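> Please read through the structure below; I'll follow up with questions.
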Amino acid sequence: RPSDYKSQERAGGRGASVTRAGYEAAAGARRAELALPWADPFGGRWGCAGPVAGSPWAGPGPGPAGRHSMLPRHVQRLGRDWITHWNGSQILALNSPVPSCMRWAGHYPPWASFPLPISADFSANWRFPPFFGPWRQFPNANWHLDNYTQSCCFHLPNPSMKSEGEEPLTKKRRLSGQDDTLTPEQETNLSNQKEVSCLSVAQNEEKHGSKKGTIKRHWEYFCQQSKTMKIARNKGSDQNNTGSEATFDFTVMSYNILSQNLLEDNSHLYKHCRQRLLFWTYRFPNILQEIKELDADVLCLQEVQEDHYRTEIKSSLESLGYHCEYKMRTGRKPDGCAICFKTSKFSLISSNPVEFFRRDIPLLDRDNVGLVLLLRPRFHCKANAAICIANTHLLYNPRRGDIKLTQLAMLLAEIASVAPQKDGSFCPIIICGDFNSVPGSPLYRFIKEGKLNYEGLAIGKVSGQEQFPRGQRILSIPIWPKKLGISQNCVYEIKQQQKEESAGEKLEAAKPGNTQEIVIASEKLSSKLRHHFKLSSVYSHYFPETGIPEVTTCHSRSAVTVDYIFYSAANDDTAAQPGKEDSFCGGLKLLGRLALLTEKDLWTVNGLPNENNSSDHLPLLAEFRLIER
């Protein structure tokens, strides 16, 4: 028995050596009988000339034939016992060179609870199991991750987590509708299929030179002219020199970049991620690279952490030609919203922050914010042309639809005060952000349809985030108090009164108070919200060929659409939803968009964040053309 052998070995003496020899002979017979390759963990396949001198694989024997064990005994026993005590000085001799052509395979036969090393290409993904980290446990190991990964790559998978590039098994079964239990034969087949799949993926990546863990998102065009102009710009031509001198085309991105503080406060949402991918020092270069590659003219960013904005984000974006406006949340959460635009395309007319927290209104006790900019195009437009860009991040809580609707009304009221033109119409409007509401929900329909009758609507059903909402309280009528100063038409009441006066509806001087009271009383009894904007969504939220939902965010708990780009569509915009009243000075024509992905697509790269996408949200990107009246 191992325990008897260990006690005698510790005692020393001849008896211990005899017992040791007998134990090794018996163990060798058992290994031969079971055909387990613990004595030769490489199975005679080195994949290179042989072990490097001084490496942990160099055994006392003559070479890779495998008469003698090339791993410590406790590593061999790992396949049978799984739990082994590791010493920092023994862990694979981290200070010693190792063969650069070896890695630990993530796939192995079902009878082996210990992965077997095989020859493999080092472009394959890798990570360390929990007993390798955290790194501070081994202060004596002179070891650097960056240098180490340049020469060799180990993949020692944690049984509870699949490597990136593989869909988690339970997630795969759930998506495919399979039962969670598999027979041993099915597990063997699945393991073999994974080995073949990984080999084919690695060969395909080597052939095409693609980056591991990347899903290609294609551009969807809505007019041929847009495609031609985009190709021309990619070849280096500038919009000023193109033939269509009467048009102004620009791109807008909406991107929740995931505040580092929120990531750490909600770590349960990222259990599927490898730890090193969640550090800001790893994430920010990836996010900045995405912004560079997509090269949008306007950026609407959410969850922008204030200290990161001040020290890194602002300066980095300014070096790319952007002017940045920022509004931080009013509470203890140090993140906010930012709108950044290229100074070569726009000039700033006004910047208008919106705070949703009101100390004197108990309903509005949350610290979410919004930001509304009025921009002027620099060329191809009339002197008084303007575009209104709004950005927000509404409250997450699925059970507080009353707060969400009130915050949205406050944002719409600010837009209504910024966007009017001299003739009374509105300039083109784009509203971006994380609305924490799903497509088809009452809040979503209110934005697109411009009206919502909320009588009898449960407070937990406003955003549609929960299939079985827990907030069953009915929305009050009205939702927000009169002292907020915003009407049921989502405009500031002072502005609405001025508009009525300018339209010839000024109250008689003899009876101003009574008439005003009647108007307010009738509005209080109304359960209908309205806004005067003609808004369409850039994305359709479902793939037309399959009906599968698009997703904009994907983490351990959910994969849904909560991010949107809404825009005021021109009359000739074929991508816009029909049947809305046109109250705009011209409008916007949607030329194209960056396609979204399905939940299944994202789990093929281990969800979000992953090695190449460093937020739990996808960036949304659309191209517009300004249509002037």
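The values are calculated or read from the model by the stated rules, or taken from the named source; none is laboratory data. Since the model is a prediction, treat every value here as computed from it, not as a measurement. When the accessible area is computed, the model is the full protein with side chains, heavy atoms only, and any ligands, DNA or RNA have been set aside. Shrake-Rupley method; radii C 1.70, N 1.55, O 1.52, S 1.80 Å.
> Contact order normalised by length for region 284-360, with contacts defined as Cα pairs under 8 Å and 6 or more residues apart; what percent is it?
Relative contact order of region 284-360: 32 percent.
> Another question, then. With respect to the cross-link table entries LYS292/LYS404; LYS292/LYS422; LYS461/LYS534; LYS314/LYS448; LYS292/LYS327, which display a Cα-Cα separation exceeding 27 Å?
LYS292/LYS404; LYS292/LYS422; LYS314/LYS448
> Then there is this: Going from most exposed to least, what order do SER350, SER568 have by accessible area with a 1.4 Å probe?
SER350, SER568
> Which ³J(HN,Hα) values in Hz, rounded to whole numbers, follow from the phi angles of region 262-275 under the Karplus curve 6.51 cos²θ - 1.76 cosθ + 1.60, where θ = phi - 60° and Gly and Pro get x?
Couplings: 5, 4, 6, 6, 10, 4, 5, 7, 10, 5, 7, 9, 6, 4 Hz.
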